[in-house]
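Working notes, beginning with the structure itself.
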C-alpha cells in the first residue's frame with residue numbers, strides 16, 4: 001500500500017507499510033477479522049497474549065479481534081511465519097519494517113506477542129532538512145512511538161542520495177528484517193548487530209572498515225555507545241542518532257548519556273571567583289564539547305523543538321538562564337512554520353536576597369494546571385505573597401503549568417491564552433520552581449539557599465574540609481544517583497576516597513582518607 005505525492009522540496013511524501021506481509025502471518029480467524037475492518041491504515045499493533053482475547057490497537061482505539069482466547073497454537077503459528085528472535089526478543093518479517101516482540105515465561109517459552117506495524121513514512125524529515133544537510137551531528141529525542149525511528153530512516157534515505165551513509169541497525173528496526181535492507185533507507189548501507197551488547201563495537205567497525213560520511217544509529221543507551229558516538233564525531237563523521245528522553249534537560253540529568261551533550265561536572269571555585277559570580281563555591285559546568293551539535297526534541301508527528309547550539313544551550317541551563325528553543329510545526333496547509341519558544345519563567349538573579357516587601361502588593365489569583373496545589377500553597381506561604389489559588393480557569397489572573405503540559409497545548413491552556421490570560425510555565429513540579437515563578441510575577445528576588453542540589457554540594461564541600469582537617473570519615477545525607485555521582489567527583493578532586501552505602505532511597509556517600517574496610 002503506497003501513496004506518493006511531491007513536497008515543495010522535491011522529496012516524495014507518503015506511506016508504505018507492507019501490511020499484507022504482517023496480516024498473512026496471523027492465524028486465519030484474526031486475518032479475516034482485520035480484513036473486514038475499515039481503517040487498517042491506522043493500525044499500530046496486534047497483541048496476542050496466551051489465555052486472553054487478541055487485540056488490535058489503533059491510533060485512537062483498541063478493538064477485540066475475537067471472543068476466543070489466544071491459544072499456544074495461535075502463538076506457534078505466528079512464530080513459524082516470521083523471522084528468528086534475537087537476544088532482544090525481537091523478530092521481523094524479511095524486507096519489511098514490522099517488529100514482533102516476544103514475552104516469555106520463566107522457562108523461556110513465548111506466552112505473548114506484540115506485533116507492531118512498521119511504516120516508512122516519506123517526507124517526515126523535511127521539517128529539519130536544512131539541519132540534516134548542514135553536515136552537523138544531530139540527536140533526536142522523544143517518547144516511544146513519537147516517530148524517532150521513522151524520521152531516522154528518512155534521514156538515511158535523503159542523505160544517501162549525496163553521501164556515503166551506513167546504518168547501524170541493532171534490532172533491524174531501521175531497515176527491516178532479513179539480509180536485504182528495506183528500500184526506505186535509499187542507497188544507504190546497513191550493518192546488522194548480532195546482539196545489542198555489541199552495538200558500540202559495530203559503530204566503531206563501521207567507521208574503520210567502510211569509510212562512511214554519515215553514521216545512522218538508533219537508541220544510544222549505554223556508556224559504551226555514548227563513548228563510541230564521541231569517537232565517531234571526533235573523526236569528522238556526521239552522526240545522526242536517537243536517545244532515550246523527551247528533552248535536553250532529561251539528557252543532562254541522565255548520568256549514562258549526559259556525555260552526549262558534553263557531560264556535567266561539579267567545579268569548586270575560589271573564594272574571590274565565587275564572590276564575583278555571586279554563586280556557591282561548588283557549581284555545575286559542562287565537562288567537554290558535545291558529541292552532537294544539534295538536539296531535536298520530537299514532541300509529536302507534526303511538532304518539534306530545535307536546540308541549534310547544544311554547547312551554548314547546556315551552559316545557559318546550568319547558569320539558570322535557558323536559551324529558548326526554536327519551535328517548528330506543520331500548519332493545516334502542510335507548510336513548516338517556525339517560532340521561538342516562549343519561556344514564561346524568569347531565571348534566578350545573580351545575587352539572590354530574601355524578599356521583604358516594603359509596600360502592600362496586589363492580590364493575584366493563580367490557577368494551577370497540572371501542578372501540585374499543595375506545593376503551590378507551601379510556596380505562597382513561604383514567600384508571604386498575596387496570592388490566591390483559583391478554582392476556575394476562567395476566573396483567574398494567571399495560569400501556572402508544567403512545561404510538559406504547555407507543549408501539548410491542551411484545550412484549557414489554548415482557551416486561556418486566547419482570552420488574554422498569561423500562562424506561566426515551570427520546568428518541574430517543585431516548590432523551588434514555583435517560588436521562582438512567583439518571584440518573576442512580582443519581579444522580586446528569592447532566597448535560593450533551599451535549592452536541594454546547591455545544599456547537597458555545599459554539604460559535600462563542608463564534609464571534604466572536615467575529612468581533610470580531622471582525618472575522620474564523614475557520611476552525607478541520602479541523595480539521588482546523579483547527585484551522588486557529583487559528590488564522588490568532588491571527593492576525587494580533593495584526593496579523597498568515597499563510597500556509596502545503603503539501599504535506595506537511603507543510599508548515601510561516605511567520604512574518607514586512604515582505604516577503608
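The values are calculated or read from the model by the stated rules, or taken from the named source; none is laboratory data. Computed from a prediction, not measured in an experiment: that's the story for all the values here. Every residue, glycine among them, receives a Cβ derived from its backbone with ideal geometry; neighbour counts consider all protein chains shown.
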Checklist line | Residues of segment 125-138 that turn out to be surrounded by 21 or more Cβ atoms within 10 Å (Cβ to Cβ) and under 22 Å from residue 339 (Cβ atoms), as a count | finding: 5
Notebook entry, point to check: Looking at (1) touching a strand residue (DSSP E or B) at 6+ places or on another chain (Cβ under 6 Å); (2) under 30 Å from residue 190 (Cα atoms), which is the one condition that is false for residue 80?
Noted result: (1)
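Out of 283, 215, 232, I need the residue that is over 29 Å from residue 335 (Cβ atoms) and outside any strand (DSSP E or B). Which one? It would help to see each step written out before you state the result.
Numbers: 283 fails: outside any strand (DSSP E or B); 215 fails: outside any strand (DSSP E or B).
Exactly one residue qualifies, and that residue is 232.
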Margin query: If I ask for residues that are touching a strand residue (DSSP E or B) at 6+ places or on another chain (Cβ under 6 Å) and farther than 17 Å from residue 82 by Cα, which ones from segment 154-173 would you list?
Written below: 155, 156, 159, 163, 165, 166, 167, 168, 169
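Filter segment 495-513 for residues that are part of a loop (DSSP other than H, G, I, E, B) and crowded, with 16+ Cβ neighbours inside 10 Å and give the result.
At the first step, the residues of segment 495-513 found to be part of a loop (DSSP other than H, G, I, E, B) are 495-496, 502-507, 513.
The one that is part of a loop (DSSP other than H, G, I, E, B) and crowded, with 16+ Cβ neighbours inside 10 Å: 496.
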Item checked: Residue tally, condition within 19 Å of residue 242 (Cα to Cα), surrounded by 15 or more Cβ atoms within 10 Å (Cβ to Cβ) and more than 15 Å from the chain's Cα centre (by Cα), over segment 281-300 -> 3
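If a residue has to be free of Cβ contacts under 8 Å to residues at least 60 places away in the same chain and in contact with a strand residue (DSSP E or B) (Cβ under 8 Å, 6 or more places away or on another chain) to count, how many in segment 226-243 make the cut? So that I can check it myself, show each step before the final result.
Within segment 226-243, the subset free of Cβ contacts under 8 Å to residues at least 60 places away in the same chain is 227-228, 231-232, 234-237.
When the remaining residues are screened for being in contact with a strand residue (DSSP E or B) (Cβ under 8 Å, 6 or more places away or on another chain), the result is 232, 237.
Residues meeting the conditions: 2.
Is it fair to say residue 103 is touching a residue at least 60 places away in the same chain (Cβ under 8 Å), touching a strand residue (DSSP E or B) at 6+ places or on another chain (Cβ under 7 Å) and either over 30 Å from residue 328 (Cβ atoms) or in a helix (DSSP H, G or I) (or both)?
So residue 103 does not fit the description; no.
For segment 142-152, how many residues are at negative phi and in a loop (DSSP other than H, G, I, E, B)? Don't jump to the end; show me each part of the working.
As a first pass, look at segment 142-152 and keep what is at negative phi: 143-144, 146, 148-152.
Subset that is in a loop (DSSP other than H, G, I, E, B): 143-144, 146.
Within segment 142-152, residues that are at negative phi and in a loop (DSSP other than H, G, I, E, B) number 3.
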Check: Based on what the data block shows, is residue 97 on the phi < 0 side of the Ramachandran plot, surrounded by 22 or more Cβ atoms within 10 Å (Cβ to Cβ), touching a helix residue (DSSP H, G or I) at 6+ places or on another chain (Cβ under 7 Å) and not assigned by TED's automatic domain parsing to the domain that holds residue 201?
Finding: yes
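Within segment 167-183, does at least one residue satisfy the condition of being surrounded by fewer than 17 Cβ atoms within 10 Å (Cβ to Cβ) and within 27 Å of residue 301 (Cβ to Cβ)?
Of all residues in segment 167-183, those surrounded by fewer than 17 Cβ atoms within 10 Å (Cβ to Cβ) come to 178-180, 183.
Those left that are additionally within 27 Å of residue 301 (Cβ to Cβ): 183.
For segment 167-183, residues surrounded by fewer than 17 Cβ atoms within 10 Å (Cβ to Cβ) and within 27 Å of residue 301 (Cβ to Cβ): present.
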Item checked: Tally, over segment 201-221, of residues that are farther than 12 Å from residue 169 by Cα and in contact with a helix residue (DSSP H, G or I) (Cβ under 9 Å, 6 or more places away or on another chain) -> 7
Next item on the list: For residue 198, state whether it is crowded, with 19+ Cβ neighbours inside 10 Å and either outside the structural domain of residue 408 (by TED's automatic domain parsing) or in contact with a helix residue (DSSP H, G or I) (Cβ under 6 Å, 6 or more places away or on another chain) (or both).
Entry: no
Notebook entry, point to check: Among (1) within 24 Å of the chain's Cα centre (by Cα); (2) farther than 30 Å from residue 404 by Cα, which single condition is residue 206 missing?
Noted result: (1)
Margin query: For residue 68, only one of the following conditions fails: (1) part of a strand (DSSP E or B); (2) in contact with a helix residue (DSSP H, G or I) (Cβ under 8 Å, 6 or more places away or on another chain). What is its number?
Written below: (1)
Check: Here are some conditions: (1) modelled with pLDDT of 90 or more; (2) out of contact with any helix residue (DSSP H, G or I) (no Cβ under 8 Å at 6 or more places or on another chain); (3) outside any loop (DSSP other than H, G, I, E, B). Residue 126 meets all but one. Which one does it not meet?
Finding: (1)
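Looking at 113, 139, which one is assigned to a strand (DSSP E or B), touching a helix residue (DSSP H, G or I) at 6+ places or on another chain (Cβ under 7 Å), modelled with pLDDT of 95 or more and not assigned by TED's automatic domain parsing to the domain that holds residue 174? Quick ask: steps written out before the conclusion?
On the way: 139 fails: not assigned by TED's automatic domain parsing to the domain that holds residue 174.
Selected residue: 113, the only one of 113, 139 that is assigned to a strand (DSSP E or B), touching a helix residue (DSSP H, G or I) at 6+ places or on another chain (Cβ under 7 Å), modelled with pLDDT of 95 or more and not assigned by TED's automatic domain parsing to the domain that holds residue 174.
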